[in-house]
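Quick notes on the structure that follows.
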Amino acid sequence: MLDVFAQTGAAGFEQFLLLGLVMGSLYALIALGYTMVYGIIELINFAHGDLFMLGGFLAWQLAWTLGVRTLDASSTGAVVGAVALMLVTAPLACAALNVATDRVIYRPLRSAPKLTVIVSAIGVSFVFMNVGSLWLGTSPVKFPDLVPDANLVTAAGVRFTWKDLMVVGVTVPTMVALTLFVKFTPLGKAMRATAQNPTAAKLMGINVDRVIAVTFAIGGSLAGVAAVVNGLYNKSVHYQMGFQNGLYAFTAAVLGGIGNIPGAVLGGLVIGVVGELSKAYLGTKWSEAVVFTILIVILVFRPSGLLGARTREKV
Amino acid sequence: MSAALLEVTDLEAGYGPINVLHKLSLRVDRGEIVAMIGANGAGKTTTLMCLSGVVKARGGKVVFDGRDLVAERVPAHNIVRLGLAQSPEGRKIFSRLTVLENLEMGAFTRADKDGVRADIEKSFVMFPILRERQHQAGGLLSGGQQQMLAIARALMARPKLLLLDEPSLGLAPQIVVQIFDVIKELNRQGMSVLLVEQNARMALKVAHRGYVLETGRITFTDTGETLLNDPRIRAAYLGE
């Protein structure tokens, strides 16, 4: 889990709320990848969390190869350059890997029963995880600490560091850009149309396979962005981190209403806040139980999620 | 240029191990309204989906505007670009897109923004209710309004041939009359139409020619009027 409890010390409610929102925006970024792919081909892409992990490993590899390993030993220019390079390369690589996975594994199964595709996604998840363990081993690996921990606010009892600012500064514009893209561009509209009715989309002249590929590309690149931000924030990567973060993000997507883009953002923020508050007030060991209880409660009582109320189609 | 805009010969199509269409042949000439009538499960929708490329043909020829769509394996998303658009059975409106966005999707293949805007205006003149409700989600429209939107959306592609699948399905009689008036008017302006209907009487009244489809085979074909007066058709499809 993304453990930031140690830094907070004896902080108050506002502090945990703030931390929750920071973590939540990270979950939201990953949740968007789940929800967009589900929205368009009704696949719970269980490999998505592991894609996020591989993105984190790639970012680590870049920093390591470039020799940018600590804040003190590198010039500001080198740090900014390395972070910028990570933020470009990891999303591109994750997008490419996600599209390739769809092309090679999910697309041939497009007309197969849904369970077949989901089991394949679980298989891909294990493959990715094993690639990760071969790449950096099975112990947590220290990620270069490149963003300062200096506090930016003067209010008593609340810490908001450069790291927090980085998370918000990267995730919020990314989500705004995605929302604008999906809402206003022809390709974005084609994505929504395909998600709502693939047959009708074909009849409009929309190349559905291409739209699906674009969706995997966007979902993958969001996972790549999240991976870089997560590495820099938590200063550690691990081959199993995709599993846990992926489940949190999946819970966020279901909470918001799977297939619903604003829902994934809302769900991410709620899960982040609930996760941090339960850590603070119930103890770290209860946090997962609380989050997954939310998943169960939502699935039982409101499977369409908070924002997932669909307009019924008339016949 | 031959008179036939669409010439289907020995078309075979189906799902899994089952063949639905058996050597189906039909023709639509430029400027014609052609009706295809038949019972549930006869293969009417499969025929149209096959023409639009959504269901793959297993054999035969579909020559549209001089090009064989089957032999050339034209994918569904390119068939619209050739000038063949469909208003599908059950409307298939994008329920969470607005009425306006639904119309824009109909023009997805077009790059001429001014032309698209002019055509949206035309659909609003044709169906004024769509103008009133242009910013509402498509799923909130009534059945009749959704049918109007589905037809307007298909027309946004500026097709040479308009395929209409069951435009009267589930609609109140006065709405059905309104929809068929629009079909006649479109045809008067030069649009060729292939109309699939269970409402055989309405369809044969507006059609120049008609085909009767039974379990994937064409069993009768003649002018709309002759079919309308044929005692066998009257007994089987007009409830007399």
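The values are calculated or read from the model by the stated rules, or taken from the named source; none is laboratory data. This structure is a prediction, so every number in the text was calculated from the model and none was measured. No Cβ is skipped: glycine too gets one built from the backbone with ideal geometry, and neighbour counts run over all protein chains shown. Heads up: the accessible areas ignore ligands, DNA and RNA and are worked out on the full protein's heavy atoms, side chains in. Shrake-Rupley method; radii C 1.70, N 1.55, O 1.52, S 1.80 Å.
Data table
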| item | result |
| --- | --- |
| Residue among A:Thr116, A:Thr154, A:Thr199 with the largest mean-square fluctuation in a Gaussian network model of chain A, springs linking Cα atoms under 10 Å | A:Thr154 |
| Net +/- balance of residues flanking B:Gly83 in space, Cβ distance below 9 Å, scoring K and R +1, D and E -1 | +2 |
| Euclidean distance of C-alpha centroids, region B:170-240 and region A:187-238, integer Å | 44 Å |
| Positive-pole candidate from B:Thr221, B:Phe127, B:Phe108, dipole of chain B, charges at beta carbon | B:Phe108 |
| Computed log₁₀ I(q)/I(0) - Debye formula, equal Cα scatterers, no solvent, region B:93-158, q 0.12, 0.26 Å⁻¹ | -0.23, -1.11 |
| Chain B pair-distance distribution - Cα-Cα, 10 Å bins, rounded % | 8, 33, 37, 19, 3, 0 |
| Förster-model FRET efficiency, 51 Å R0, B:Ala4 and B:Glu132, C-beta, rounded to 0.05 | 0.80 |
| Unit charges on C-beta of K, R, D, E only; dipole of chain A, Debye | 920 debye |
| Assigned charges on the beta-carbon of Lys, Arg, Asp, Glu; region B:169-216 dipole about Cα centre (debye) | 140 debye |
| Residues in region A:198-212 that, when all protein chains are in place, have 30 Å² or more less accessible area than the chain alone would give (probe 1.4 Å) | A:Thr199, A:Ala200, A:Lys202, A:Leu203, A:Met204, A:Gly205, A:Ile206, A:Asn207 |
| The protein assembly as shown - mean residue ellipticity at 222 nm from DSSP helices (-39,500 (n - 2.57) per run, n ≥ 4, rounded to 500) | -18500 deg cm²/dmol |
| Carbon and sulfur %, accessible surface of chain B computed with the full protein complex present, 1.4 Å | 52 percent |
| Percent of beta bridges antiparallel (DSSP, the protein assembly as shown, rounded to nearest 5) | 55 percent |
| Share of carbon and sulfur in the accessible heavy-atom surface of region A:5-301 [1.4 Å probe, %] | 71 percent |
| Chain A, relative contact order in percent, only Cα pairs under 8 angstrom and at least six apart counted | 36 percent |
| Cα centroid separation, region A:139-180 to region A:34-93 (Å) | 15 Å |
| Given charges at beta-carbon only (K, R positive; D, E negative), |dipole| of the protein assembly as shown in Debye | 480 debye |
| Gyration tensor (alpha-carbon) shape descriptor, the protein assembly as shown, a/c threshold 1.5 | prolate |
| Total formal charge among the other residues, if their Cβ is under 9 angstrom from that of A:Val117, Lys/Arg +1 and Asp/Glu -1 | +1 |
| Contact order relative to length of region A:209-287, as percent, for alpha carbon pairs under 8 angstrom and 6 or more apart | 14 percent |
| DSSP H segments from chain A that extend 24 Å or more along their own axis, Cα-based, with Kyte-Doolittle mean of 1.0 or above | A:13-41, A:76-101, A:114-136, A:162-184, A:208-234, A:261-282, A:284-301 |
| Share antiparallel - DSSP beta bridges, region B:140-240, percent rounded to 5 | 55 percent |
| Charge-dipole axis of region A:27-172 as Lys and Arg at +1 and Asp and Glu at -1 on Cβ define it, positive-most pick from A:Leu62, A:Val147, A:Val131 | A:Val131 |
| Farthest positive-ward along the protein assembly as shown dipole, Cα basis, beta-carbon charges - from B:Gly66, A:Ala223, B:Val212 | B:Val212 |
| Listing of region B:29-78 residues, each with accessible area lower by at least 30 Å² in the full protein assembly than in the chain alone (probe 1.4 Å) | B:Val54, B:His77 |
| Accessible surface buried upon A-B contact (total; probe 1.4 Å; Å², nearest 100) | 2400 Å² |
| Distance in nm between pseudo-label sites at A:Val153 and A:Thr138 (7 Å out along the Cβ direction from Cα) | 4.2 nm |
| Shape category assigned to region A:218-315 from the gyration tensor of Cα positions, a/c cut at 1.5 | oblate |
| Heavy-atom surface of the protein assembly as shown, accessible at 1.4 Å and reported per residue (Å²) | 42 Å² |
| Global geometry of chain A, whether rounded, prolate or oblate, following the gyration tensor of its Cα atoms and the 1.5 cut on a/c | prolate |
| Residue list for region A:213-236, given a label point 7 angstrom along the Cα-to-Cβ vector of A:Asp72 and an amide N cut-off under 17 Å | none |
